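Presented below is the structure to which this report refers.
The values are calculated or read from the model by the stated rules, or taken from the named source; none is laboratory data. The structure displayed is predicted, hence computed values, not measured ones. Please note: Cβ atoms are built from the backbone with ideal geometry, for glycine as well, and neighbour counts cover all protein chains shown.
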Amino acid sequence: MRISVNGEERSVEAATLDRALVELGYEDAVVATALNRDFVPATERGTVRLAEGDAIEIIAPMKGG
């Protein structure tokens, strides 16, 4: 299905947010996620289903200051 990831169009096979993160290469990354502008806690990613046209935001902490 076609979704938007951080503003970029992507195609994924995953049906849930947690599986999409694995497919997109974020399997072991510590990140914050939002789906269609709503924050999704890490503990809920496995139950959040994706649909065509959804927008995912993935935010990773950065070192430095």
request  = Please state which of the following conditions residue 43 fails to meet, knowing it meets all the rest: (1) hydroxyl-bearing (Ser, Thr, Tyr); (2) part of a helix (DSSP H, G or I); (3) under 9 Å from the mean Cα position of the chain (by Cα).
outcome  = (3)
query = Within the stretch 31-65, which residues are touching a helix residue (DSSP H, G or I) at 6+ places or on another chain (Cβ under 9 Å) and of a type in the set (A, V, I, L, M)?
reply = 31, 32, 35, 40, 42, 48, 50, 56, 58
remark   = Within the stretch 22-38, of all residues that are out of contact with any strand residue (DSSP E or B) (no Cβ under 7 Å at 6 or more places or on another chain) and among the hydrophobic types (A, V, I, L, M, F, W, C), the one surrounded by the fewest Cβ atoms within 10 Å (Cβ to Cβ) is 30
Qualifying residue in the stretch 4-16 (condition: among the hydroxyl-bearing types (Ser, Thr, Tyr), at pLDDT 95 or above and surrounded by 10 or more Cβ atoms within 10 Å (Cβ to Cβ)) = yes
request  = Consider only pairs whose beta carbons are under 8 Å apart and that are at least six residues apart or on different chains; among these, list those whose first residue lies in the stretch 12-24 and is closer than 15 Å to residue 47 by Cα and whose second residue is of a type in the set (Asp, Glu).
outcome  = 14/23; 21/27
ask   = If we only count strands (runs of 3 or more DSSP E) wholly inside the stretch 1-40, which ones have 1 or more residues that are of a type in the set (A, V, I, L, M)?
value = 2-5, 32-35, 38-40
task = Name the residue, out of 53, 65, that is modelled with pLDDT under 95 and outside any helix (DSSP H, G or I).
result = 65
note = Residue pairs within 8 Å by beta carbon, gap of at least six or interchain, first lying in the stretch 46-64 and farther than 21 Å from residue 8 by Cα, second surrounded by 11 or more Cβ atoms within 10 Å (Cβ to Cβ) and of a type in the set (Asp, Glu), listed first then second, are 46/18
